[in-house]
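Participant: Let me begin by handing over the structure; questions about it come next.
The values are calculated or read from the model by the stated rules, or taken from the named source; none is laboratory data. On a predicted model such as this, the values are computed, not experimentally measured, just so you know. Glycine also receives a Cβ, built like all others from the backbone with ideal geometry; neighbour counts cover every protein chain displayed.
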Amino acid sequence: MSNVMKVICLAGGLAVSTGAIAHEMRYKPFILGHESTGSLQAVVSATRMALQAHGFRVVGQYSPVPGATVICATDPELLHAAAHARRNGGFGAVQRVSVTQVQNTIQVSYANPAYVAIAYGLGPLPTTVANLKAALGAKLSFGVHRGLTRSDLKPGNYHYFIGMPYFENVDHIRKFKTYADAVNTVRRNLQAHVAGTSLVYEVNVPGTKQPTTVFGVGLSQGKGADAKVLSVTDYKTYKGNAYAPYEIMVEGRRVIALRPRYRIAVNFPGTPMMGSHGFMSIMSAPGAIRHTLAHVAGRHD
């Protein structure tokens, strides 16, 4: 091949590569399904019914801030994907749907299952994606200006900034003598509202190598409270209340949780570091969340 042809081929290859990059699909953390009117309670009831009619099992409900309700649900595809993920898949076993009163309109939004699937290494979730769209709609996605590519988002790649944790860098909260001891301790403390927490859901993940149970944890007190985090990160037109609740997972004898600096940032990747709505305004939240979850696991050091 002549030098001229080599240059032409190289230039053509670069053009194709650049074009592919320019058109690479981007993902945002939340989807606005639809907007409604009427009473919040009526829309919550209708949303639960729509989820159930499209194959979801509702496992819990929680109000992280006034005027908002988060409905938690799972389905067979989510549970299967969670069980067969390479690591920590149980954190993605439950779908979060928020119903939020915003002036005279009620927003029905949900955590984008395609986004979560990539971030948590769950693999494709075509049935879950399709059923959520059929049940709730998919008007637009939101939560970050441009969205993140698959390469940006996947485990081992996504972190908010240099020195920030990745998906794999979980907090090892406590190790028990048995799985049953761990599950019973977490459940009992959540039911007792230890450290201002509440039990939103408890879901067993079948088919895992070790017995696995994930709990949804409502955080209502202190610097890591859901309302405190959302007051800083969730201030724009479309509301990401489906950030809540937080997860804590029993995997075998271990109690683990995603590190808050990862868990908050992956839900609100467009949040700046500085300013009144920047991460520095909630710099105490990660430590406070870890401290609260340690109490939930019965650790008081």
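Participant: Being part of a strand (DSSP E or B) and either out of contact with any Lys or Arg (no Cβ under 7 Å at 6 or more places or on another chain) or at pLDDT below 95 (or both) is the filter here; which residues of region 16-51 pass it?
Facilitator: TYR27, PHE30, ILE31, GLU35, SER36
Participant: Any residue at all in region 130-150 that is in contact with a helix residue (DSSP H, G or I) (Cβ under 8 Å, 6 or more places away or on another chain), under 25 Å from ARG254 (Cα atoms) and modelled with pLDDT of 95 or more?
Facilitator: Scanning region 130-150 turns up no residue that is in contact with a helix residue (DSSP H, G or I) (Cβ under 8 Å, 6 or more places away or on another chain), under 25 Å from ARG254 (Cα atoms) and modelled with pLDDT of 95 or more.
Participant: LEU190: in contact with a strand residue (DSSP E or B) (Cβ under 6 Å, 6 or more places away or on another chain) and closer than 17 Å to TYR262 by Cα, yes or no?
Facilitator: Details: in contact with a strand residue (DSSP E or B) (Cβ under 6 Å, 6 or more places away or on another chain): yes; closer than 17 Å to TYR262 by Cα: no.
For LEU190, the condition - in contact with a strand residue (DSSP E or B) (Cβ under 6 Å, 6 or more places away or on another chain) and closer than 17 Å to TYR262 by Cα - is not met.
Participant: While we're looking at this one, here's another question. Kindly indicate the residue of region 120-141 that is buried (at least 19 other Cβ atoms within 10 Å of the Cβ) and either of a type in the set (D, E, K, R) or out of contact with any Pro (no Cβ under 6 Å at 6 or more places or on another chain) (or both) and also nearest to GLN95 (Cα to Cα) among those meeting that condition.
Facilitator: The qualifying residue nearest to GLN95 (Cα to Cα) is LEU132.
Condition check ((1) of a type in the set (Lys, Arg); (2) part of a loop (DSSP other than H, G, I, E, B)) across all residues:
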residue	(1), (2)
THR208	no, yes
PHE215	no, no
LYS236	yes, yes
ARG261	yes, no
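Participant: Mind listing whichever residues of region 52-67 are in contact (Cβ under 8 Å) with a residue 24 or more places away in the chain, hydrophobic (A, V, I, L, M, F, W, C) and either over 18 Å from GLU202 (Cβ atoms) or surrounded by fewer than 21 Cβ atoms within 10 Å (Cβ to Cβ) (or both)? Steps first, answer last, please.
Facilitator: In the first step, residues of region 52-67 are kept if they are in contact (Cβ under 8 Å) with a residue 24 or more places away in the chain; the result is 53-56, 59-62, 64-65, 67.
Checking the rest, the ones that are also hydrophobic (A, V, I, L, M, F, W, C) come to 53, 56, 59, 65.
ALA53, VAL59, VAL65, listed by residue number.
Participant: Out of (1) at pLDDT below 95; (2) touching a helix residue (DSSP H, G or I) at 6+ places or on another chain (Cβ under 9 Å), the odd one out for TYR235 is which?
Facilitator: Among (1) at pLDDT below 95; (2) touching a helix residue (DSSP H, G or I) at 6+ places or on another chain (Cβ under 9 Å), TYR235 violates only (2).
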